[in-house]
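Report on one structure; see the data block that follows.
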Amino acid sequence: MWTQIRAVLFDLDGTLIDSAPDLGAAADKMRTDRGLPSLPYESYRPMAGAGARGMLGVGFGLTPESPEFPAMREEFFQNYERCMTQRTYAFEGVAELIVSLQAASMAWGVVTNKSMRFTDPLTRQMPLFASAGAIVSGDTTPHAKPHPAPLLEAAARMGLSPQHCIYVGDDERDIIAGKAAGMKTVAACYGYLGESSETAHWQADAQINSPMELLKLLGKR
């Protein structure tokens with residue numbers, strides 16, 4: 001139980017929202033536009049946390065070193081911009097968690113490696129984010145996670161010291177960034193991870209298997 005915590009910062013994709021359906025659809029449209037057969041959604045989902053790199057890897061076997069990668073990435077980005085809120089939704093329990101945090105007078109915010117090009121329109125279109133005290137993207141500061149700069153920026157925007165914040169994320173880089181920023185860290189063991197991911201190796205301060213479990217850590221439930 002962390003009674004000194006005054007704010008919760010969250011990763012976005014795979015922690016607060018399930019954006020895998022739209023990410024997969026953006027990549028799959030590239031396949032069908034080229035006359036290739038559609039791939040099942042389940043092929044894309046495990047790589048959703050890797051963004052364009054993951055989706056183009058699944059859809060076309062491309063790596064960032066491939067000569068055609070930059071052009072394909074931009075096509076993927078344009079497809080994603082057109083569909084990014086069509087199938088994306090908050091994970092079960094997230095909306096309830098945010099309401100509970102607000103009722104307990106706790107601030108909350110988002111720190112994501114998603115670029116502002118996508119973060120800003122997506123969060124504007126989803127009512128969930130209207131009460132966020134800070135939304136920091138991967139290109140808001142000169143460094144993205146696992147560098148601590150984005151997390152420190154979010155804390156500063158909310159007028160809080162890092163030691164009064166916790167960071168919740170579904171990737172090892174989230175835990176690395178949180179620790180480097182001097183925050184308590186929580187591994188979100190739901191969403192894209194599944195049961196096979198060895199989150200214990202990340203050495204987070206705690207793990208949760210559903211969003212609402214966070215309230216127990218905070219002594220709010």
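Say R0 is 41 Å: what FRET efficiency, to the nearest 0.05, do residue 82 and residue 206 get from their beta-carbon distance?
The computed FRET efficiency comes out at 0.60.
How high is the relative contact order of the stretch 1-53? Use alpha-carbon pairs under 8 Å, at least six apart in sequence, and give a whole percent.
Reported as a whole number, the value is 36 percent.
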Exercise. Using θ = phi - 60° and the Karplus form 6.51 cos²θ - 1.76 cosθ + 1.60, what ³J(HN,Hα) does each residue of the stretch 73-89 get, whole Hz, x for Gly and Pro?
Worked result: 4, 5, 5, 4, 4, 5, 4, 5, 4, 6, 10, 5, 10, 6, 10, 7, 8
Seminar exercise, completed: Taking a ≥ b ≥ c as the square roots of the Cα gyration tensor eigenvalues, with a/c under 1.5 meaning rounded and otherwise prolate when a/b beats b/c or oblate if not, the stretch 38-174 comes out prolate
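Show me the ranking of peptides 177-184, 211-218, 37-44 by mean Cβ neighbours inside 10 Å, starting with the highest.
Highest-to-lowest ranking by the protection proxy: 177-184, 211-218, 37-44.
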Problem set entry | Under-5 Å amide H pairs with residue 17, H placed in peptide plane, nonlocal only | 91
Seminar exercise, completed: Non-local residues with an amide H under 5 Å from the amide H of residue 212, with H modelled 1.01 Å from N and Pro and chain starts lacking one, are none
Exercise. What net charge is computed for the residues neighbouring residue 185, neighbours being all others with C-beta under 10 Å from the C-beta of residue 185, Lys and Arg scored +1, Asp and Glu -1?
Worked result: 0
Exercise. Each residue of the stretch 138-148 in turn: what ³J(HN,Hα) in whole Hz from Karplus with 6.51, -1.76, 1.60 and θ = phi - 60°, glycine and Pro shown as x?
Worked result: x, 10, 6, 10, x, 10, 9, 4, x, 5, x
Exercise. What FRET efficiency, computed as 1/(1 + (r/R0)^6) with R0 = 41 Å and r the Cβ-Cβ distance, is obtained for residue 3 and residue 63, rounded to the nearest 0.05?
Worked result: 0.35
Exercise. Which entries in 184/220; 145/220; 184/216; 145/184 show an alpha-carbon gap greater than 20 Å?
Worked result: 145/220
For this session: Calculate how steeply helix 20-33 sits against the longest principal axis of the alpha-carbon atoms of the chain, using the helix alpha-carbon long axis, and give the answer as 0 to 90 degrees to the nearest 10.
Result: 10
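We did not get these values from a lab; they are worked out from the coordinates using the rules stated. Everything numeric in this text was worked out from a predicted model, so none of it was measured. Reconstructed Cβ throughout: ideal geometry from the backbone, glycine too, with neighbour counts over all protein chains shown.
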